[in-house]
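First the structure, in the form of structure tokens, and then the observations on it.
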Amino acid sequence: MQVVDVVNRLDGLKRSVARVIRGKDEAIDWIIAALLARGHVLIEDIPGVGKTTLAQVLSRSLNLNFSRIQCTSDTLPSDVIGVSLWRAERGEFEFLPGPVFTNVLLADEINRATPKTQAALLEAMNERTVTVEKTRYRLREPFIVLATQNPVEYLGTYPLPESQLDRFLLRISLGYPDAEEELALLRRGGVEDEIEAVQPVLEGAVLVQLQARIREVRVAAPLLAYQLELVHRTRRHPALALGVSTRGALALHRASQALAMVEGRDYVIPDDVRRLALPVMAHRVVLAGGETGEGWSRSEAERDVIREIVDSTPVPL
């Protein structure tokens, strides 16, 4: 596949999603980059700003299967991965796949699920497999988890542990639409008709090919050193008890390559790394001392530290 063809296909995908999710171009770029990098995305936001719509439009634009799990305190691991039932007439167990056997999985309000259910997603997200009764099942490709959590509500929630957060390539927030877009949305009476009208612009098989090409995106030696310096500074920062892990360093590298491809380049530039520093690294650090807080305050404190690190780290020329 030629570079021009790749650019045209990804531009078509961006336009398809942007027709429904308007005014959120950077978030769309990040989501597509996560797809290309075979990563998962945690959307931390209040209800009603388009998180479910984004997942639906993405799956329709790619002609992929879509499943949704509405996480609650009584959601069981079997509700996610499936269950084996005994079939007496055949004298054997039959595995009934759960919603995780899809291409685009929306785990809505993941922090309302118990830690045991959250952990059921770990193997699927990291290994792209599910193990039931000692039998290992491989998930479909491509596969992406879009999980949401509401950082404002605390009652009945189970905060994601660091090990779970580290599985997400990006943590983003859509935020409210601007006044003009919100007024246009009211005039249209919603986006249901627009979702139904979305047509596939890129097949899943082509997306898998593009994912395989991420490694071909070049990262110059000074940029590699820059990525590592950002990571190492999180480990030395006095406001942080825990810095970005090696998995996080790899995530920043891979996401930078993917974003370069989204922007139509076969090489990474410093701006790719700077744009991704917050969504890739902020959720992978742990604040020191009593600076933990909850919800928005904690997330914003984490982002503030990463902003300071990015602003104070010399950019390679």
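Details
- Among residues of the stretch 153-180, those that are part of a helix (DSSP H, G or I), open to solvent by 50 Å² or more (accessible area, probe 1.4 Å) and not small (Gly, Ala, Ser), counted: 2
- Matching option when the condition is free of Cβ contacts under 8 Å to residues at least 60 places away in the same chain, at negative phi and acidic (Asp, Glu), among GLU26, GLU94: GLU94
- Restricted to the stretch 118-129, and to residues there that are without any contact (Cβ under 8 Å) to a residue 40 or more places away in the chain and either in a helix (DSSP H, G or I) or under 12 Å from GLY98 (Cα atoms) (or both), the residue that is most open to solvent (accessible area, probe 1.4 Å) is GLU127.
- Evaluation of VAL104 against (1) touching a strand residue (DSSP E or B) at 6+ places or on another chain (Cβ under 7 Å); (2) surrounded by 16 or more Cβ atoms within 10 Å (Cβ to Cβ); (3) at pLDDT below 90 (one fails), failing number: (3)
- Filter result for the condition that a residue is under 19 Å from ILE31 (Cβ atoms) and in contact (Cβ under 8 Å) with a residue 12 or more places away in the chain, over VAL145, VAL132: VAL145
- Some residue of the stretch 290-310 being open to solvent by less than 10 Å² (accessible area, probe 1.4 Å), in contact (Cβ under 8 Å) with a residue 24 or more places away in the chain, touching an Asp or Glu at 6+ places or on another chain (Cβ under 7 Å) and within 22 Å of ILE172 (Cβ to Cβ): yes
- Residue within the stretch 88-99 that is within 30 Å of MET281 (Cβ to Cβ) and either more than 19 Å from the chain's Cα centre (by Cα) or hydrophobic (A, V, I, L, M, F, W, C) (or both) present: no
- Condition met for ALA27 (over 26 Å from SER297 (Cα atoms) and either open to solvent by 30 Å² or more (accessible area, probe 1.4 Å) or hydrophobic (A, V, I, L, M, F, W, C) (or both)): no
- Test: residue in the stretch 187-205 that is in contact with a Ser or Thr (Cβ under 8 Å, 6 or more places away or on another chain), hydrophobic (A, V, I, L, M, F, W, C) and farther than 30 Å from LEU64 by Cα: no
- Of the residues making up the stretch 133-152, those that are in a strand (DSSP E or B) and charged (D, E, K, R) number 2.
- Selected residue [in contact with a strand residue (DSSP E or B) (Cβ under 7 Å, 6 or more places away or on another chain) and either open to solvent by 30 Å² or more (accessible area, probe 1.4 Å) or more than 20 Å from ARG9 (Cα to Cα) (or both)] from LEU278, LEU250, LEU240: LEU240
- Residue among ASP74, ASP45, ASP11 that alone is open to solvent by 10 Å² or more (accessible area, probe 1.4 Å), of a type in the set (Asp, Glu) and either closer than 29 Å to MET281 by Cβ or at pLDDT below 90 (or both): ASP11
The values are calculated or read from the model by the stated rules, or taken from the named source; none is laboratory data. Predicted, not measured: the structure shown is a model, and the values here were computed from it. Using ideal geometry, Cβ is built from the backbone for each residue, glycine included, and neighbour counts are taken over all protein chains shown. The accessibility values were calculated without ligands, DNA or RNA, using every heavy atom of the protein model including side chains. Shrake-Rupley method; radii C 1.70, N 1.55, O 1.52, S 1.80 Å.
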